[in-house]
1. Does residue 103 meet the test of being aliphatic (A, V, I, L, M), in contact with a Phe, Trp or Tyr (Cβ under 8 Å, 6 or more places away or on another chain) and closer than 21 Å to residue 149 by Cα?
2. Only residues in segment 28-45 that are modelled with pLDDT of 75 or more count as the first member; pair them with residues that are of a type outside the set (A, V, I, L, M) and not in a helix (DSSP H, G or I), Cβ under 8 angstrom, at least 6 apart or cross-chain, and list the lot.
3. Just to be sure, is residue 130 open to solvent by 60 Å² or more (accessible area, probe 1.4 Å) and either more than 19 Å from residue 56 (Cβ to Cβ) or touching a residue at least 60 places away in the same chain (Cβ under 8 Å) (or both)?
4. Return the only residue of 67, 82 being in contact (Cβ under 8 Å) with a residue 12 or more places away in the chain, open to solvent by 80 Å² or more (accessible area, probe 1.4 Å), under 22 Å from residue 12 (Cβ atoms) and under 11 Å from the mean Cα position of the chain (by Cα).
5. Which ones in segment 133-158 are basic (Lys, Arg) and either open to solvent by less than 50 Å² (accessible area, probe 1.4 Å) or modelled with pLDDT of 90 or more (or both)?
6. Within the set of pairs 6+ apart or on separate chains, which have a first residue in segment 91-112 that is free of Cβ contacts under 8 Å to residues at least 24 places away in the same chain, a second that is open to solvent by less than 30 Å² (accessible area, probe 1.4 Å) and in a loop (DSSP other than H, G, I, E, B), and C-beta atoms under 6 Å apart?
7. If residue 126 satisfies all but one of (1) more than 16 Å from the chain's Cα centre (by Cα); (2) farther than 30 Å from residue 15 by Cβ, what's the number of the condition it fails?
8. Out of (1) modelled with pLDDT under 95; (2) surrounded by 15 or more Cβ atoms within 10 Å (Cβ to Cβ); (3) within 20 Å of residue 135 (Cβ to Cβ), what's the single condition that is false for residue 24?
Amino acid sequence: MARQSIFPQISRGERSFICAMLGTSVLGAMLACVAVLSLSNRTGGTSMVITYWTLFSGCIGGAAGLWTSCERWFGHAGVGGWLSALCGTLVATGVGSVIGGTLILPFYGTMFAPFQLVLIIVQDPILGFIWLGMLLCSHVLLKQWRIERDSIFATGSSAAY
């Protein structure tokens, strides 16, 4: 008897892509909350509505950062692929923090969110290593997605991976 998936119409590469996006968005939400809550401890309290909006904004920022950089930087094979993924982590981090910061606080968040993220990573480097690890795991997950995606356009003998 064949093993059935929860989503039988979704390919293995697409499931990998969804897992990478989910992991990055959840971790982006957590980093956004750490950043905002560290600021609120210095300036006063924060309400639950702000915390929920921060979670949502960080989730969107993390996913958008990976989305904008996955096409070019993630999922390539070999040593060059890993070097490309390291460059992609910088792009995904920058884009994600700008988008998340803009959603949290338009204009000021756009300017200060990347700076606040750097401060959080310097203050607590384990968060930076966790973020780096998530993006490198996303690179591994996106390899299958890239193979499937590239096989659509391959012709002749190059179609077999």
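The values are calculated or read from the model by the stated rules, or taken from the named source; none is laboratory data. None of the values given here were measured: they were computed from a predicted structure. Using ideal geometry, Cβ is built from the backbone for each residue, glycine included, and neighbour counts are taken over all protein chains shown. Note: areas computed on protein heavy atoms with side chains; ligands, DNA, RNA excluded. Shrake-Rupley method; radii C 1.70, N 1.55, O 1.52, S 1.80 Å.
1. When the stated conditions are applied, residue 103 does not pass them.
2. If the second residue must be of a type outside the set (A, V, I, L, M) and not in a helix (DSSP H, G or I), the pairs left are 34/124; 36/46; 37/46.
3. yes
4. None of the other options fit; the residue is 67.
5. Taking segment 133-158 as the starting set, the residues that turn out to be basic (Lys, Arg) are 143, 146, 149.
Of everything in segment 133-158, those that are basic (Lys, Arg) and either open to solvent by less than 50 Å² (accessible area, probe 1.4 Å) or modelled with pLDDT of 90 or more (or both) turn out to be 143, 146.
6. none
7. Single failed check for residue 126: (2).
8. (1)
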